[in-house]
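Data block below; observations after.
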Amino acid sequence: MTGYEVVFALLGAVAVGSGLLVVTTRNVVRAALWLVVTLGSLAGCYLMLTAELVAVVQLLIYVGAVVVLLLFAAMFTRAPIGPTGDLDTGNRPVAALVALATAGLLVVLLVQAFRQAYVDVGAVPPGDAAPGSAAAVGAAVFRTWVLPFEVISVLLLAALVGAIVLSRPDIGTAESR
């Protein structure tokens, strides 16, 4: 094993461990902070795979924007921040079974999908960008994925406006006019 493989495995272990802590922590703020650790370790994995642009986008968009939006919505809507017992149900064994079945199904699907897949990253045709390079990712984002990106940004803006409207009881009432 090389040093890169060890660091990649450690980053993967941190991502899985902190991802489990995200869904098992009863405190919303701590769950968001564990989500920051998870997304940061995934950005480290992207760096190890020499996808620097994807790593920077991961940090800027997900860690810098989505987690901040999540924390802003949790704080602004006066949601219970500390541990609460009324959100707990007795369905943990069933949920764990469904999660394991879903994870197993995803692993089987990924193995079947990539069993015969092979990408030769060493040979790049002249005039084409190397797979995973900033030019290739930029071309894919601004040619193929620009419309879904804009739709997601409008959806996040609508969610933010909805959170503001729901958290302010004086908006839309006769008292505020």
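Coordinate-derived values only; no laboratory data. As the structure is a computational prediction, the values presented were derived from the model and not from experiment. As a convention, Cβ positions derive from the backbone with ideal geometry for all residues, glycine included, and neighbour counts pool all protein chains shown.
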- Expected-Rg normalisation [2.2 N^0.38 Å, Cα atoms] applied to the range 1-70: 1.14
- Note on the structure: To the nearest 0.05, the calculated FRET efficiency linking Val146 and Leu49 through their beta-carbon distance, R0 being 35 Å, is 0.90
